[in-house]
Amino acid sequence: MRLLVVMVAAAGSTAATSTSTESAQQAIGYPTLFLLVLVGALVPVVPTGALVSSAAVVAFHQTAPFALALVFVTASLAAFLGDAALYWLGRRGLRSRNGSRWLAAIRARAPEEKLAQAQGKLAEHGVAVLVLSRLVPAGRIPVMLACLLAEWPLRRFARGNVAACLAWAAAYQVIGILGGSLFPEPWEGVVVAVALTVVISVAPSVWRRVRSAA
């Protein structure tokens, strides 16, 4: 009987320690995820897709309720606010005589060929192209610049971008959940999730090179 009491007490202590660790991870992890995705939307050099997938892997292995939902909300909100801020800065640059470094950065990441394609698709399909642009590697900035040149108001851009950010966060979270479900250890799932996001990001450019070489 005494042994049973000791085992129950030890299990309770382990559960409390696990809960405490998860709480600490959440207190640090969600604000960090929000900040990195926000910065990644403004400065498109941060691999935000890999960040979301990795966070989803960790959340998948946690016992805390709504962990995956919090990752989804955090990532989509940060992406939306970052896109809205970058678009607003781009509009300011268009109205300025001297432009702005933000507008110059957007133009630098939107080659003429991709910009022309984005403008044609935007004129034909409207908001649907904006939604899809976040799911296509390197598609977000050319479509954003096309919206700027088409003089979309910030409100119109924001309405379409809500669905785009939600779809983007959901897609990369699914990648993380798949990676997390394959392995018992979170770090293994993170490796798989990051590898999948890298493959997805480089696949279009590799395919274009193969086609041009053929």
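When the residues LEU154, LEU122 are ordered by accessible surface, computed with a 1.4 Å probe over the protein chains alone, the sequence from largest down reads LEU154, LEU122. Relative to one another, the C-alpha centroids of the stretch 48-80 and the stretch 97-142 are positioned 27 Å apart.
Using the Cβ-Cβ distance between LEU35 and ARG101 with R0 set to 22 Å, the FRET efficiency from 1/(1 + (r/R0)^6) comes to roughly 0.55. In terms of accessible area, using a 1.4 Å probe and ignoring ligands and nucleic acids, PHE66, PHE60, PHE34 rank largest first as PHE66, PHE60, PHE34.
The stretch 127-170 has equivalent-ellipsoid semi-axes of 16, 12, 6 Å, by the square roots of 5 times the alpha carbon gyration tensor eigenvalues, sorted largest first. In sequence order, the stretch 77-90 has phi-based couplings of 5, 5, 5, 5, 5, x, 4, 4, 5, 5, 5, 4, 5, x Hz under the Karplus curve 6.51 cos²θ - 1.76 cosθ + 1.60, θ = phi - 60°, and Gly or Pro positions carry x. Packing, taken as the mean count of other beta carbons within 10 Å per residue, orders the peptides 108-119, 44-55 from highest to lowest as 44-55, 108-119. On a per residue basis, the stretch 78-143 carries 57 Å² of accessible surface, using protein heavy atoms and a 1.4 Å probe.
The values are calculated or read from the model by the stated rules, or taken from the named source; none is laboratory data. None of these values were measured; they are calculated from a predicted model. Backbone-built Cβ (ideal geometry, glycine too); neighbour counts: all protein chains shown. Heads up: the accessible areas ignore ligands, DNA and RNA and are worked out on the full protein's heavy atoms, side chains in. Shrake-Rupley method; radii C 1.70, N 1.55, O 1.52, S 1.80 Å.
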